[in-house]
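Enquirer: My questions will all concern the structure given below.
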């Protein structure tokens with residue numbers, strides 16, 4: 001160490017720092033500032049990066065992996081496609097065994113929706129589910145945004161590259177009633193909605209009657225739907241010309257007027273035919289597959305009801321006129337009633353249901369119908385037994401205005417006792433009370 005360094009060190013050691021009294025400094029006008037802690041720059045940048053990643057990741061997920069739409073395709077095979085925001089397929093689900101056969105080993109994940117729909121329809125054609133005998137397809141689009149659902153529906157329709165097919169298309173919302181029926185009958189929401197639409201147009205039809213029908217059959221029943229393109233095939237049936245020929249041959253007429261024919265559903269697909277001839281009105285239901293006459297009715301329009309004319313034939317004579325015309329002897333569930341100047345008669349025989357209107361003055365058959373599709377019930381309890389079941393349940397003995405009728409294997413019973421009116425439905429086989437109602441006058 002040289003002399004200069006020794007002198008510097010000596011001077012540094014002799015330096016004494018003054019003691020600061022903060023309180024005195026404040027009194028003298030000095031202000032003490034505490035140094036604020038600064039947030040590390042790197043930590044701030046990291047936080048912003050995480051937020052950006054979350055936002056970008058969320059957008060990426062929504063665009064690529066989130067299900068925004070569902071597209072159902074029904075023929076008999078039923079499949080559902082789950083679609084993302086970019087209208088790419090995320091998943092294809094088979095709703096039934098035929099649907100599994102259609103999908104087979106096709107990998108449609110990531111495909112454009114229009115490519116996937118055409119591929120699945122092509123597979124249905126290849127496997128014989130869409131033919132010239134049954135050419136209908138149901139396309140159902142579901143999206144929480146109704147406008148987007150409608151837009152996607154129209155886009156899919158515009159891109160289907162198939163000829164000679166009929167397409168029913170619709171948008172669907174996940175309503176609880178539709179979901180419940182879908183689960184109960186193991187069919188798609190789209191098919192449930194179409195069946196509900198058919199029932200709204202015909203309140204005589206029941207859901208369980210329609211649930212097992214193919215889309216082509218539902219398309220034929222639906223008629224005049226604004227979102228249906230093409231015409232549903234009727235080639236599986238005998239055809240309108242053959243049905244007309246069967247009806248005219250049975251009626252034994254040639255010159256007819258006011259002819260109408262329509263393909264409809266009544267437990268089976270039927271041709272409903274109406275026409276007039278010889279001042280009579282004819283109505284026929286003909287099985288569309290077999291050509292069998294299911295039911296027919298003939299109404300004589302020459303008849304004029306004149307209730308002031310005294311009856312000239314008895315109930316027994318009217319009954320015999322009906323039985324002779326029907327060519328039967330052993331009958332069940334016979335009922336007869338005089339309404340104005342005509343007898344209304346109903347009975348069953350040989351698994352057929354007969355109804356006649358007979359002029360009470362002349363004995364002329366005014367109108368009659370025969371239902372060939374009627375199935376004779378086989379009750380094991382008698383009318384008296386059914387009556388006693390109802391009386392025991394009502395806990396009454398003295399009754400009046402009593403009526404009982406066997407209808408579709410159940411007894412329908414009505415009676416009054418005191419100031420109350422009773423109605424019962426009793427299973428004709430088991431004797432179980434199906435339903436009852438008690439009203440007070």
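Enquirer: Can you tell me which residue in region 328-364 is farthest from residue 296 (Cα to Cα), limited to those that are under 42 Å from the mean Cα position of the chain (by Cα) and not in a strand (DSSP E or B)?
Expert: So the residue we want is 330.
Enquirer: May I pose another question? Take region 387-441 and flag every residue that is free of Cβ contacts under 8 Å to residues at least 24 places away in the same chain, within 31 Å of the chain's Cα centre (by Cα) and closer than 23 Å to residue 334 by Cβ.
Expert: If the condition is that a residue be free of Cβ contacts under 8 Å to residues at least 24 places away in the same chain, within 31 Å of the chain's Cα centre (by Cα) and closer than 23 Å to residue 334 by Cβ, then 407, 412, 425, 427 are the ones that fit.
Enquirer: Quick check on residue 247: is it over 28 Å from residue 164 (Cα atoms), at pLDDT 95 or above and not in a strand (DSSP E or B)?
Expert: Working: over 28 Å from residue 164 (Cα atoms): yes; at pLDDT 95 or above: yes; not in a strand (DSSP E or B): yes.
Considered against the rule, which asks whether it is over 28 Å from residue 164 (Cα atoms), at pLDDT 95 or above and not in a strand (DSSP E or B), residue 247 comes out as yes.
Enquirer: Going by the structure shown, is residue 138 in contact (Cβ under 8 Å) with a residue 40 or more places away in the chain, on the phi < 0 side of the Ramachandran plot and assigned to a loop (DSSP other than H, G, I, E, B)? Break it down into steps so the answer makes sense when it comes.
Expert: Numbers: in contact (Cβ under 8 Å) with a residue 40 or more places away in the chain: yes; on the phi < 0 side of the Ramachandran plot: yes; assigned to a loop (DSSP other than H, G, I, E, B): no.
No: the conditions fail for residue 138.
Enquirer: For region 76-103, give me each residue that is part of a strand (DSSP E or B) and under 24 Å from the mean Cα position of the chain (by Cα). First the steps, then the outcome.
Expert: Filtering region 76-103 for residues part of a strand (DSSP E or B) gives 78-83, 88-94.
Within region 76-103, 78, 79, 80, 81, 82, 92, 93, 94 qualify.
Enquirer: Considering each residue of region 398-419, count those that are outside any strand (DSSP E or B), touching a strand residue (DSSP E or B) at 6+ places or on another chain (Cβ under 8 Å) and on the phi > 0 side of the Ramachandran plot, and give that number. Even if it seems obvious, please write down each step before you answer.
Expert: Pass one, region 398-419, residues outside any strand (DSSP E or B): 398-399, 408-409, 418-419.
Checking which are touching a strand residue (DSSP E or B) at 6+ places or on another chain (Cβ under 8 Å) leaves us with 398-399, 409, 419.
Applying the additional criterion that residues be on the phi > 0 side of the Ramachandran plot yields 409.
Adding up the residues that qualify gives 1.
Enquirer: Moving on to the next point. Here's a check for you: in region 104-117, which residue that is outside any loop (DSSP other than H, G, I, E, B) and out of contact with any helix residue (DSSP H, G or I) (no Cβ under 7 Å at 6 or more places or on another chain) is farthest from residue 215 (Cα to Cα)?
Expert: Looking only at region 104-117, we keep the residues that are outside any loop (DSSP other than H, G, I, E, B), and these are 112-117.
Now narrow it down to the ones that are out of contact with any helix residue (DSSP H, G or I) (no Cβ under 7 Å at 6 or more places or on another chain): 112, 115-116.
On the way: 112: 25, 115: 22, 116: 20 Å.
Applying the filter and picking the extreme gives 112.
Enquirer: Buried (at least 20 other Cβ atoms within 10 Å of the Cβ), touching a helix residue (DSSP H, G or I) at 6+ places or on another chain (Cβ under 7 Å) and at pLDDT below 95: does that describe residue 140?
Expert: Spelling it out, it is not the case that residue 140 is buried (at least 20 other Cβ atoms within 10 Å of the Cβ), touching a helix residue (DSSP H, G or I) at 6+ places or on another chain (Cβ under 7 Å) and at pLDDT below 95.
Enquirer: Whether any residue in region 277-288 is at pLDDT 95 or above, assigned by TED's automatic domain parsing to the domain that holds residue 359 and part of a loop (DSSP other than H, G, I, E, B) is what I want to check.
Expert: yes
The values are calculated or read from the model by the stated rules, or taken from the named source; none is laboratory data. Computed from a prediction, not measured in an experiment: that's the story for all the values here. For neighbour counting, all protein chains shown are included, and Cβ atoms are generated from backbone atoms with ideal geometry for every residue, glycine included.
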